[in-house]
């Protein structure tokens, strides 16, 4: 929320102020060193069962607010706080079966169907088995007695098999080489643990999961189209692709007649869809469900390419690994060859291009909105950092540069405007000299951005 003045100078004072103002606050303690932190952790773990609510651990935070602001955060995680989970609770049960679930990217995930058992106050009947190697390593078979835990008190997993020499075991589990949902061939690429269905959107499981992702909170955030409604609409043929969502108005009478749907819920759905016909570029890219492209990476792409047409055109050109467009893509700080490969493979697939073209005709995708950096001397410039900086961390330097409108790259190219060289600068500084790129010492860099901040 918005405050008229700083609430406190430290986290501890902030908590005390909350209590003084009548708010409830969790138990907390100000610790001077790691030993005191661990001691309070053990004390809290012992008192855990007496608390009137469930907790799965505690959080250590930097006390000074100005240090918190300086440390900042990465994606959705603050650098000034770290969670310390309590040991997960365990229980023994019987593994009745192993089933395969297919995710939106086609990954085949084995899941254990268990004899229901209570773990940490929750009845657990399923647990993840991760992948083929995990099953083979632990020699997990149908009918085994197994030890399970709720990792982080959230996701149940099978820890080990409790072997009984007197009990005859079932045959070793054979991982399927085809998708059990659509029958398409499954492949396991070199260096990967996962098997993937090759069916793409032909696979009903992938199609439904991609639609769920498309309407999720970080993507189009469409209220009224939760997981159950997506499954039901897909099963009944109301939607098959993301673009069909924006044509649901054509099926209005069918939707209003559906069981559980009244005029109010239908009106709310159509209103939500209408509002989402205009969407930001970063949300749009994230909604596509490209493997390895989460919200942070989608924002990087949106910021770098600015507009949807520009991004698509650049990705088409980047299909040639010898092109400048490909070099530009992998030079974005945070995007390497692996992520680039998944992006380009997604764009190349014919059915994905059809979906993009269809959506392009139905939606307004807004260009990336950059911060006002009109007075910044580095706005629009490409900057590379190398060597150890004295005044700030590498992460702080990158965040500062981006806040002033610069693009931070991971390697030096002819498109680089500045290389900021700290102590022990290596090959990047050498390459900059070879290409004629301007190299700034740290004090020169600070003077440059200082003038931009003051303007």
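Report whether or not residue 432 is assigned to a helix (DSSP H, G or I), more than 31 Å from the chain's Cα centre (by Cα), in contact (Cβ under 8 Å) with a residue 24 or more places away in the chain and closer than 23 Å to residue 324 by Cβ. Answer is yes for this residue.
Criterion applied to 335, 279 was being in contact (Cβ under 8 Å) with a residue 12 or more places away in the chain and either assigned by TED's automatic domain parsing to the domain that holds residue 107 or within 30 Å of residue 224 (Cα to Cα) (or both), and the one residue passing it is 279. Residue-level analysis places residue 44 among those that are surrounded by 12 or more Cβ atoms within 10 Å (Cβ to Cβ) and farther than 16 Å from residue 67 by Cβ. Looking at the stretch 265-273, can you tell me whether even one residue there is farther than 29 Å from residue 381 by Cα and either without any contact (Cβ under 8 Å) to a residue 12 or more places away in the chain or assigned to a loop (DSSP other than H, G, I, E, B) (or both)? Yes: the stretch 265-273 contains one or more residues that are farther than 29 Å from residue 381 by Cα and either without any contact (Cβ under 8 Å) to a residue 12 or more places away in the chain or assigned to a loop (DSSP other than H, G, I, E, B) (or both).
For (1) in contact (Cβ under 8 Å) with a residue 24 or more places away in the chain; (2) part of a loop (DSSP other than H, G, I, E, B), each residue gets a yes or a no:
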| residue | (1), (2) |
| --- | --- |
| 327 | yes, no |
| 341 | no, no |
| 357 | no, no |
| 376 | yes, yes |
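Residues 383, 365: which one is in contact (Cβ under 8 Å) with a residue 12 or more places away in the chain and within 30 Å of residue 446 (Cβ to Cβ)?
Details: 365 fails: within 30 Å of residue 446 (Cβ to Cβ).
Matching residue, one of 383, 365: 383.
Which ones in the stretch 42-75 are assigned to a helix (DSSP H, G or I) and closer than 23 Å to residue 122 by Cβ? Before the answer, list the steps.
Our first condition is that a residue be assigned to a helix (DSSP H, G or I); within the stretch 42-75, this holds for 42-50, 65-71.
Answer for the stretch 42-75, where residues must be assigned to a helix (DSSP H, G or I) and closer than 23 Å to residue 122 by Cβ: 44, 45, 46, 47, 48, 49, 50.
With respect to (1) at pLDDT 90 or above; (2) outside any loop (DSSP other than H, G, I, E, B); (3) farther than 17 Å from residue 333 by Cα, the lone exception for residue 385 is condition (3). On the given criteria, is residue 406 surrounded by fewer than 13 Cβ atoms within 10 Å (Cβ to Cβ), in contact with a strand residue (DSSP E or B) (Cβ under 8 Å, 6 or more places away or on another chain) and outside the structural domain of residue 310 (by TED's automatic domain parsing)? So residue 406 fails the test. Among residues belonging to the stretch 178-223 that are touching a strand residue (DSSP E or B) at 6+ places or on another chain (Cβ under 6 Å) and part of a loop (DSSP other than H, G, I, E, B), point out the one that is surrounded by the most Cβ atoms within 10 Å (Cβ to Cβ). The qualifying residue surrounded by the most Cβ atoms within 10 Å (Cβ to Cβ) is 179.
The values are calculated or read from the model by the stated rules, or taken from the named source; none is laboratory data. Only a predicted model underlies this, so the values are computations on that prediction, with no experimental measurement involved. With ideal geometry, Cβ positions are generated from the backbone for all residues, glycine too; neighbour counts draw on all protein chains shown.
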